[in-house]
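The values are calculated or read from the model by the stated rules, or taken from the named source; none is laboratory data. Please read these numbers as outputs of a predicted model, since none were measured by experiment. Don't worry about glycine lacking a Cβ; one is built from the backbone with ideal geometry, like all the others, and counts go over all protein chains shown. SASA here: full protein model, heavy atoms, side chains in, ligands and nucleic acids out. Shrake-Rupley method; radii C 1.70, N 1.55, O 1.52, S 1.80 Å.
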Amino acid sequence: MRVLIFGTYDVAAHPRVGVIAEGLRGAGHEVRECNAPLGFDTAARVKMLAQPWRVPALGVRLARCWAGLVRGALRGPRPDVVVVGYLGHFDVHLARLLFGRRRVVLDHLIGAADTARDRQVGHGVRQPLLRAVDAAALGAARVVVVDTEEHRETLPAKYREHAVVVPVGAPDEWFVAEPAAAEGPLRVVFYGLFTPLQGAATIGSAIARLADRPIVFTMVGGGQDKAETVRNAGEAANVAWRDWVPASELPRLVAGHDVCLGIFGTGPKALRVVPNKVYQGAAAGCAIVTSDTPPQRRALVGAARHVPPGDAAALADALADLAARPDELARLKKASSTAAHDHFTPAHVVEPLLEKLDELGFGR
């Protein structure tokens, strides 16, 4: 098949569509990218929901990006499949206009309405509007890609039969990072946008409980819950705060730790996802400690330590246990690495998508 990866997506911020592209290339398909990054991250887009007077700036930027996308799309051969990258709620309509609905696959990782609820700005009239944006995007695609069965079940019934579950997985570069040697204090890393879904404030409280243990934390990133997380950690001296790390450097940084933390949020969205950092941390050879939710248990199948969402005491106990039991830490690291190589590579995660495309006759 000739595949076009299309849209204003940003692989550095949301590597998911890059994983899909890698997997499709690895399966022998011809993959071309037509990408004009919008430049507004998820936080900026959500801010526009709270401050509607900023929306015209989005429209101007989107128009410029679309002009580039049209030029790029028309230069190459006509694709058999057009995969619209995540946050493509508007891009999918351009793809449909250019190529026709029957060719379009939408990577609908998270709905706009769901994201706004999680960021606590989607109240009042905004929710019906965002649900309408989601529904319009879903209706513009022939195939809808989601990341878990739980997310598939949240789709309106008429779109579920067109949906396929494709795990987020990890890009190839995460599998070549050199894992940390098992020596010294337990090294724990978290990276993210400090959103309610991630439950970073819970991690901060756990850090405070472990201030006198042989455990050191690296906390990377920033966002709406960063200040609360820092407050919860108190005067603990065993934590380093870093504003951010370039995407190209993250695999090496994470691989230099023993444990990669997942998410600990308690909201509905947090109970339905398996985050990037779980797949990536496992690929980098870390032990995974994350919340006890059905999709994460299914994805990791005994290859992680699970704690109740939002429970800082349980998280602290789990980390203290791993610090005191090097054999169990080594077992978990091996189990997570094995799970990653067996299930989280781009080649593995695209298998359900390829089956769906074959079922629908794409490329024939």
If you check each cysteine of the chain for another cysteine whose beta-carbon is under 4.7 Å away, which ones come up empty?
C34, C65
How far apart, in nanometres, would the label points at K334 and A12 be if each is projected 7 angstrom from Cα along the Cα-to-Cβ direction?
3.9 nm
K333: which lysines have alpha carbons under 30 Å from its alpha carbon, excluding same-chain residues fewer than 8 sequence positions away?
K226, K269, K277
Whole Å is fine, so just give me how far the alpha carbon centre of the stretch 319-354 lies from that of the stretch 148-214.
12 Å
Rounded, prolate or oblate, given the Cα gyration tensor of the chain, with a/c below 1.5 counting as rounded?
prolate
For the chain, the longest principal axis of the Cα atoms and the Cα long axis of helix 16-26 enclose an angle in degrees, to the nearest 10, of 70 degrees
Taking the chain as a Gaussian network, where each spring joins two C-alpha atoms under 10 Å apart, which residue of R187, R75, R331 fluctuates the most?
R75
GNM, the chain, Cα, under 10 Å: largest mean-square fluctuation among D212, D292, D311?
D212
So what's the angle, to the nearest 10 degrees on a 0 to 90 scale, between helix 326-339 and the longest Cα principal axis of the chain?
10 degrees
Using a 10 angstrom cutoff on alpha carbons, build the Gaussian network for the chain and name the most mobile of V133, V55, V188.
V55
For the chain: accessible area per residue (Å², 1.4 Å)
42 Å²
Percent carbon-and-sulfur accessible area, the chain, ignoring ligands, DNA and RNA, probe 1.4 Å:
54 percent
Solvent-accessible surface ranking, highest first, for S336, S248, S205 at 1.4 angstrom
S248, S205, S336
Within the stretch 161-250, list the GluC sites (Glu not before Pro) lying in a DSSP loop whose Cβ has at most 13 other Cβ atoms in a 10 Å radius.
E161, E183, E235, E249
